[in-house]
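Below is one structure, written out as structure tokens, with a few remarks after it.
The values are calculated or read from the model by the stated rules, or taken from the named source; none is laboratory data. Not measured: the values here are computed from a predicted model. Using ideal geometry, Cβ is built from the backbone for each residue, glycine included, and neighbour counts are taken over all protein chains shown.
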């Protein structure tokens, strides 16, 4: 608290019991646990069944959509469903990624008792019906009590901006109801009612939940260092705003009627990239922060021993040319959907294009932000084409001012270059980078952005090649990794199959006219979601489990966009650009 990227106060996921956690649950043996979200909300219910009865735990973080100054809160309510169940509440706060043990004391404030934990700039207060009766900074803070059928107990944990002045406690039950109203009102805007509606609605709600309301920034995931390979070194901090991820998330929203987020994101983008276009980064902090210095938390053992635990992300310094195409495409789509262009926004885009004109011929790190040598990645070059193509269309279709002849010439030059150098006759497919023979699932996006029609023979051949080398059943790797060897990304070790790439394969099949195959594959991929409909970054087929950060925006937005391709109304990015490619 209070932000996605704030230092943690509960870090047990990357540590142990003493790294910080808040547990509410039966003291005895639990026979069965079941979870669900209430309808399309982010109010979570967990039921515990024991020999003595059943209790239900309700968790939510009330949204702050219209109150940027409100304190961040976590609300928990437990209710008796049947019988009488002995329940334990354990509250162990460890600030600064478990490196800071707070000073914990009871207070009697606003005619109610609370517990306040303070350490340096971090402070939280716990209000509730049953507070821990042991308060000692070296031990767990625990309370044990019985919950009978029909009984409800509630707690609110609140971040304190001013540690010495805890605010009056809020009514936890009212906060739960407010959260439900917010999410039901928001999900009511979703226009999708086609096949697999429940999963599509859940993915959209997850993407909305990854949005930092005070600024409009959208994080790639709310976690850091959940490993892409169990026990390996591929552990990254995703609690930041990638231009690519945020842009694709907005496209996913827009496909199904949630277009109001576009204006908030455009304002965030304008703030984040303000200044010299040459300083544009691929990612920023939630408020547009530029310095996301990467460092290692050497006192945490990592998830199941996967080290290092990383904070920050050194990729913010990388050149990734594809983001220019993603940003230009998103803003083009916003114009198509009726979001009027502002002078400042178009000036910002022209600044980006001027800079792209100067650097587009350079090699880059690609969308997978490799830590190996720069290369001429085929996907990056395709997205450079997208940037200039959308600029041309802004002039031709929307009447905006700009050097359209120069942009058109550059667009055509990049297109010819990709066809000449990205295609490999010997491999019979578009390869990962110019002159290489390895494949990359990102080339499946070629028809989705309108670079070539979905039934172009080169696209069809690339689908077959990716299927033969990178596909395992319904799972698709993003590129080839070899156990014990450093590959194109400069890292050692393998990883799970990238879920977004699996959905991209669905899109490519659909755009190639293989709709029945695409629909069948899509349905099977949805079965990989966990019990509450969430997806991680990757899936380890050998172990039958998720890997990587969780939940992952990239996976959920790919799911939503696949639904748009298969069951949308013809206004999705993929359908629109497929028609442009065919023409």
request  = Return a yes/no flag: does segment 300-310 have any residue that is farther than 30 Å from residue 17 by Cα and out of contact with any strand residue (DSSP E or B) (no Cβ under 6 Å at 6 or more places or on another chain).
outcome  = no
inquiry  = Looking at the structure I just gave you, is residue 436 within 20 Å of residue 324 (Cβ to Cβ) and either at pLDDT below 95 or assigned to a loop (DSSP other than H, G, I, E, B) (or both)?
reply    = no
query = Say we look at segment 275-312 and pick out the residues that are in contact (Cβ under 8 Å) with a residue 12 or more places away in the chain and over 26 Å from residue 235 (Cα atoms); which of these is surrounded by the most Cβ atoms within 10 Å (Cβ to Cβ)?
reply = 277
task = Filter segment 284-333 down to residues that are at pLDDT 90 or above and part of a loop (DSSP other than H, G, I, E, B), then give me how many there are.
result = 24
task = Would you list the helices (runs of 4 or more DSSP H) that sit entirely within segment 487-580 and hold 3 or more residues that are modelled with pLDDT of 90 or more and over 27 Å from residue 217 (Cα atoms)?
result = 499-511, 515-526
request  = Mind counting the residues in segment 184-201 that are over 19 Å from residue 535 (Cβ atoms) and buried (at least 19 other Cβ atoms within 10 Å of the Cβ)?
outcome  = 1
ask   = Condition test on residue 338, is it crowded, with 21+ Cβ neighbours inside 10 Å and either within 30 Å of residue 548 (Cα to Cα) or assigned by TED's automatic domain parsing to the domain that holds residue 282 (or both)?
value = no
ask   = Based on what the data block shows, is residue 395 at pLDDT 95 or above, part of a loop (DSSP other than H, G, I, E, B) and farther than 18 Å from residue 447 by Cα?
value = no
query = Among the helices (runs of 4 or more DSSP H) contained in segment 173-283, which hold 1 or more residues that are within 30 Å of residue 38 (Cβ to Cβ) and assigned by TED's automatic domain parsing to the domain that holds residue 337?
reply = 243-255, 261-272
remark   = Reported set for segment 334-350 where residues are farther than 16 Å from residue 395 by Cβ and assigned to a loop (DSSP other than H, G, I, E, B) is 337, 338, 339, 340, 342
task = Answer yes or no as to whether residue 351 is surrounded by fewer than 24 Cβ atoms within 10 Å (Cβ to Cβ), assigned by TED's automatic domain parsing to the domain that holds residue 419, touching a helix residue (DSSP H, G or I) at 6+ places or on another chain (Cβ under 7 Å) and closer than 22 Å to residue 270 by Cα.
result = yes
query = With (1) at pLDDT 85 or above; (2) over 16 Å from residue 74 (Cβ atoms) as the list, and residue 163 as the residue in question, which single condition is left unmet?
reply = (1)
query = Has segment 360-378 got any residue that is in a helix (DSSP H, G or I), in the same structural domain as residue 423 (by TED's automatic domain parsing) and either buried (at least 21 other Cβ atoms within 10 Å of the Cβ) or at pLDDT below 95 (or both)?
reply = yes
message = Would you confirm, using the coordinates I've provided, whether residue 344 is modelled with pLDDT under 95 and surrounded by fewer than 16 Cβ atoms within 10 Å (Cβ to Cβ)?
response = yes
inquiry  = Please go through segment 29-60 and give me each residue that is surrounded by fewer than 17 Cβ atoms within 10 Å (Cβ to Cβ) and either modelled with pLDDT under 95 or in contact with a helix residue (DSSP H, G or I) (Cβ under 8 Å, 6 or more places away or on another chain) (or both), ordered by number.
reply    = 38, 39
ask   = What do you reckon, is residue 179 touching a residue at least 24 places away in the same chain (Cβ under 8 Å), crowded, with 18+ Cβ neighbours inside 10 Å and closer than 28 Å to residue 370 by Cβ?
value = no
